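Okay, structure first, notes after.
The values are calculated or read from the model by the stated rules, or taken from the named source; none is laboratory data. This is a predicted model, so every value here is computed, not measured. All Cβ positions, even for glycine, are placed from backbone atoms using ideal geometry, and neighbour counts span all protein chains on display.
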Amino acid sequence: MTNIVTLASEHDSADLKTFLERAERLGCEHVWLVGAGNALAAYVAVLTPQGLLDVAPTVLGLRIFERVETHSLDMVVQVRAMLDRLAHDSMTIPLPVGQAGIAWTGVAPPRTHWSPVGTMLEIELQLTAKAGIEEVAQANGLGTNIVTKVREEVWRRALNVQGTEQNETVPAGVAFAGFGLGFFDTGIAQVTQSGAWKRIATARGHILVK
């Protein structure tokens, strides 16, 4: 039986399309769809470690949409395939063939037990992302290895979380992900933690990092 997702409104459809288009521009090839009740969670991996010795963070973008169905859903599909189906029917979407062996989907972020850590200003995250993008761009043309090293150094830099007594930080990659996915405005992002994961939540979406 073909898996189908029926979105609850045109607003959800437009938001999903925008989210996937931005994810594709960031180089995200897959979206992990998790459905529970009427909620449809869509995860994309903006940054992931490349190899066992890579200490780069895993940075995911997450948006929640409303759907009509209530059956459970857990599958990974290609972003481009989802966009093609949204272009054909924006509300009732036959899901593409599931993709197996996608490394970053091996450990799901927690759904519960998130504890407050502090806050971050969205405008400062935007500025961090823009500065980092410019720094990486300046390395273009210097060779693949140099560009890769610069990118890793830029997005691994620690950003301080405000309002913490333990000097909590998150990697600058969260700024890159949130900016690229359109999650930032001029508000205050709430930072919470569950196990090894931190979540930076704004009115427009969530960035998860570990």
Per the filter on the range 184-197, residues crowded, with 19+ Cβ neighbours inside 10 Å and touching a Lys or Arg at 6+ places or on another chain (Cβ under 7 Å) are Val191
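Looking for whichever is touching a strand residue (DSSP E or B) at 6+ places or on another chain (Cβ under 7 Å), outside the structural domain of Phe179 (by TED's automatic domain parsing) and not small (Gly, Ala, Ser) here; the options are Thr92, Thr119. Which one fits?
Thr92
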Among the residues of the range 154-183, the number that are in contact with a Pro (Cβ under 9 Å, 6 or more places away or on another chain) and surrounded by 17 or more Cβ atoms within 10 Å (Cβ to Cβ) is 6
Determine whether Gly178 is part of a helix (DSSP H, G or I), closer than 30 Å to Gly37 by Cβ, in contact with a Lys or Arg (Cβ under 9 Å, 6 or more places away or on another chain) and of a type outside the set (A, V, I, L, M).
-> yes
Checked against (1) touching a Ser or Thr at 6+ places or on another chain (Cβ under 6 Å); (2) modelled with pLDDT of 95 or more, Pro110 satisfies every condition except (2)
